[in-house]
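Working notes, structure below.
Just so it is clear, none of the values below were taken in a lab; they were calculated from the coordinates. What you see is a predicted model; the values in this text were computed from it and never measured. With ideal geometry, Cβ positions are generated from the backbone for all residues, glycine too; neighbour counts draw on all protein chains shown.
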Amino acid sequence: MKAFGFEKYGSPSVFEEFNLTQPTPEKGRVIVKTQAFAMNPFDSKLRQGKISFKNAPQLPFVPGSDVAGTVVDAAPDVTEFKIGDSVMGRVVRGAYSEFVSVPHLKLIAKPKELSFAEAAGIPSAGVTAYDVLKGAVHLENVTSILVLGASGAVGSMIVQIAKAMGLFVAATASLKNADFVNQLGADLFISSDQVMQRNFLDHAPVDVLINATPTEFTEKNGYRWLKPEGQLVSLNGFSKEFKVQFETQSITDFNDATYHQNKKALVYLTELIMHNQLHASIAQTFPFSLEGVVQGQTLLDDHHKPGKIVVSKELN
């Protein structure tokens with residue numbers, strides 16, 4: 001089968017087309033014929049060799065964690081999917097392939113409302129957002145949240161899920177992405193040059209502050225907008241200089257927590273999609289080819305407009 005990966009670290013041009021053996025279904029797994037896969041920032045870090053040694057991939061390596069396609073085979077113990085089903089799911093690696101072996105607990109039927117390209121953009125970002133709000137955050141008495149990095153893949157999902165939960169959502173992003181964040185349903189958009197709205201939060205701090213930016217959290221990120229008894233969750237850790245202001249605050253480094261809510265999350269996400277409460281935002285779609293992968297990785301390395309980068313056979 002055709003797969004796209006790399007044998008050395010470097011720029012997008014290190015990607016090659018491999019001819020690999022098509023996987024067969026092991027216990028609890030489903031073989032999906034790929035129609036589309038999404039690219040994530042983590043894929044770029046892997047390609048550039050920026051992952052710590054213990055987590056560094058063995059070369060050659062085929063990346064990719066988000067896939068959408070059709071079921072072509074399944075292990076005998078898997079009964080919820082049949083051949084021909086349209087599905088979407090997530091894997092640890094290997095989604096940049098014609099066929100992908102997916103654990104059935106990380107797979108769900110694709111909502112008919114979504115194209116394969118849109119569906120491929122949902123699983124990893126959506127499950128992470130769900131795990132933040134339904135796992136890391138203690139929701140009792142929570143009525144308001146502030147999402148830092150709301151235009152990113154995970155941040156945009158957090159905004160939409162929080163709105164579906166009925167929460168007041170304040171959201172930060174660069175000013176150029178204001179329209180995008182507002183379309184997600186944010187109640188209050190904040191950028192660095194909107195002083196009045198920043199002052200509003202000084203007088204009405206939030207219950208939960210979520211750092212969904214690609215960088216570690218620092219006190220300059222808007223810590224003063226969190227209630228003394230509030231909860232702070234950072235998806236990318238904390239700076240060494242960070243200090244807790246109030247002992248009553250709950251501080252969570254999402255990297256240190258594992259919630260294992262894949263199936264539950266995917267069921268919840270598809271329900272929101274079918275009720276028009278969650279949308280997949282696609283920045284750009286590329287053809288299922290080596291050239292398409294290189295172009296997608298090049299865009300991934302740039303500060304592209306909001307939305308997922310997807311490689312899809314729908315363009316072939």
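Quick rundown of the values:
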{"read-out": "Cα-based reach from Lys110 at 30 Å (exclusive), listing lysines while leaving out same-chain residues under 8 positions away", "value": "Lys2, Lys27, Lys33, Lys45, Lys82, Lys134, Lys163, Lys263, Lys264, Lys305, Lys308, Lys313"}
{"read-out": "Charge-dipole axis of the chain as Lys and Arg at +1 and Asp and Glu at -1 on Cβ define it, positive-most pick from Gly166, Ile122, Met274", "value": "Ile122"}
{"read-out": "Residue-by-residue Karplus 3J(HN,Hα) for the range 277-284, coefficients 6.51, -1.76, 1.60, Hz, glycine and proline x", "value": "10, 9, 10, 8, 9, 10, 6, 6"}
{"read-out": "Principal-axis tilt of helix 290-301 within the chain, Cα atoms, nearest 10 degrees", "value": "10 degrees"}
{"read-out": "Listed values (1) 52, 19, 17; (2) 34, 21, 18; (3) 29, 25, 19, entry calculated as semi-axes √(5λ) of the Cα gyration tensor in Å", "value": "(2)"}
{"read-out": "Among Ser101, Ser115, Ser65: highest mean-square fluctuation, GNM of the chain, C-alpha pairs under 10 Å", "value": "Ser115"}
{"read-out": "In Hz, Karplus ³J(HN,Hα) per residue of the range 26-39 (6.51, -1.76, 1.60; θ = phi - 60°; x = Gly, Pro)", "value": "7, 3, x, 10, 10, 8, 10, 7, 5, 9, 7, 9, 9, 9"}
{"read-out": "Sites Tyr9 and Lys264, calculated FRET efficiency, Cβ-Cβ separation with R0 45 Å, nearest 0.05", "value": "0.80"}
{"read-out": "Between helix 153-164 and the chain: long-axis angle, C-alpha atoms, 0 to 90°, nearest 10", "value": "60 degrees"}
{"read-out": "Loop-located trypsin sites (Lys or Arg not before Pro) in the range 1-107 whose Cβ has at most 15 other Cβ within 10 Å (DSSP)", "value": "Lys8, Lys27, Lys50, Lys82"}
{"read-out": "Spatial extent of the range 85-170: Rg and Dmax, with the Cα atoms as the point set, Å", "value": "14.7, 46"}
{"read-out": "C-alpha long axis of helix 262-274 to longest principal axis of the chain, angle in °", "value": "80 degrees"}
{"read-out": "Phi-based couplings in Hz for the range 113-121 (Karplus 6.51, -1.76, 1.60; Gly and Pro marked x)", "value": "5, 10, 6, 4, 4, 5, 4, 5, x"}
{"read-out": "Helical contribution to [θ] at 222 nm, DSSP H n ≥ 4, -39,500 (n - 2.57), averaged over the chain, rounded to 500", "value": "-7000 deg cm²/dmol"}
{"read-out": "Size of the range 126-256 as Cα extents on the principal axes (Å, biggest first)", "value": "36, 32, 28"}
{"read-out": "Efficiency of FRET from Cβ geometry, Glu314 and Lys227, R₀ 30 Å, rounded to 0.05", "value": "0.05"}
